[in-house]
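The values are calculated or read from the model by the stated rules, or taken from the named source; none is laboratory data. Note that the structure is a prediction, hence the values are computed from the model and not measured. We place every Cβ from the backbone using ideal geometry, glycine too, and count neighbours over all the protein chains shown.
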Amino acid sequence: MRVYHTVDDQLIKDHPCEKGSWLCLINPTEEEIQLVNKQTGITYDFLKDPLDDEERPRIEIEPGQILIIIKVPVARGKKGAELYDTIPLGIIVTKDYLVTVCLDDHPIFSKMLKEPVLYTFKKTRFLLLVLIKTATLYLNYLRILDIRSTELQQHLSHTMKNEALFQLLDVQKSLVYFTTSLRANGIVMEKLTRTQLVNAKEAPSSMLIKMYPEDEDLLEDAITENRQAMEMSSIYSSILTGSMDAYAAIISNNMNIVMKFLTSVTIVLSLPTIIASIYGMNVGLPFQHSPFAFTGIMGVTLGLGGIVAYALYRWNMF
């Protein structure tokens, strides 16, 4: 648990928890959740729900507090062969506190801390900055996935190795995760546009987050960035799906070509085998006493093999 507070335009880390503070919870323990629940009065479920890896993006409003859950992208695995996934990020807004809950120490937090001036008491601005930076991070990861997909496709054009195919499958899986999460995040942002987080029946007016004109512009920017990321993800996913289908057809066609070639070779080699088998029998055979029997048999064998090979070549079997 980290506590940040803006004092005289300076963001202070490990500040005592007080009104206007930002509490950043990263995979908190049960004791930390209970502590925050007691200090801030935030509902226990609001603090616990974002820690479920499968939690869906949504907005929940309780008296005096609002929970916004979005999906943020994360990179798994080794550098250069990452599998991109998404995890929930919970943003809880109350009258006095701003709390973020996440399973990992996500890059979003470091990006927020790099802001020239981050006012922890400006909750609406903080929320919108998180939404914009999330959409931007999706766009960055999508560009990385597009570059890797292009490299893998170029590699597959020279050799059909299973390793490259498996990496393409990881890229495709990442795009599916991104598309689904971006669509859900977009629904949350559209709901913010309609409600502006104002629900007088469920939340007291003293804690409502108001959308000022500049805040509305930021929200529109976040929605636009999210839509762009969603469109890019859908396009890349469609292209990759088509490429995977094409590679499957190419592999099948290459297998057919190899099998056709091996079948033709087998047919050509079967003629010398048949003749050799016949003249290997321990019975009387034509020309068995002739001094030119071996030469004649070899000539006939090669001639028949050549005729069959030429016929198969004309039928495009080679």
Answer residue from the stretch 109-129, given it is aliphatic (A, V, I, L, M) and either more than 17 Å from residue 188 (Cα to Cα) or buried (at least 20 other Cβ atoms within 10 Å of the Cβ) (or both) and is modelled with the lowest pLDDT among those: 117
Whichever residue in the stretch 2-34 is surrounded by 16 or more Cβ atoms within 10 Å (Cβ to Cβ), within 21 Å of residue 69 (Cα to Cα) and of a type outside the set (Phe, Trp, Tyr) and, among such residues, is farthest from the chain's Cα centre (by Cα): 20
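To keep it simple, each residue is scored yes or no on (1) within 30 Å of residue 133 (Cβ to Cβ); (2) surrounded by 12 or more Cβ atoms within 10 Å (Cβ to Cβ).
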site: 240; (1), (2): yes, yes
site: 253; (1), (2): no, no
site: 277; (1), (2): no, no
site: 287; (1), (2): no, yes
site: 294; (1), (2): no, no
site: 299; (1), (2): no, no
site: 303; (1), (2): no, no
Strands (runs of 3 or more DSSP E) within the stretch 1-82 that include 1 or more residues without any contact (Cβ under 8 Å) to a residue 40 or more places away in the chain: 2-7, 10-13, 58-62, 65-76
Failed item in (1) out of contact with any Gly (no Cβ under 6 Å at 6 or more places or on another chain); (2) in contact (Cβ under 8 Å) with a residue 12 or more places away in the chain, with residue 122 passing the rest: (2)
Unmet requirement for residue 237, which otherwise passes all of (1) outside the structural domain of residue 164 (by TED's automatic domain parsing); (2) within 45 Å of the chain's Cα centre (by Cα); (3) of a type in the set (Ser, Thr, Tyr): (1)
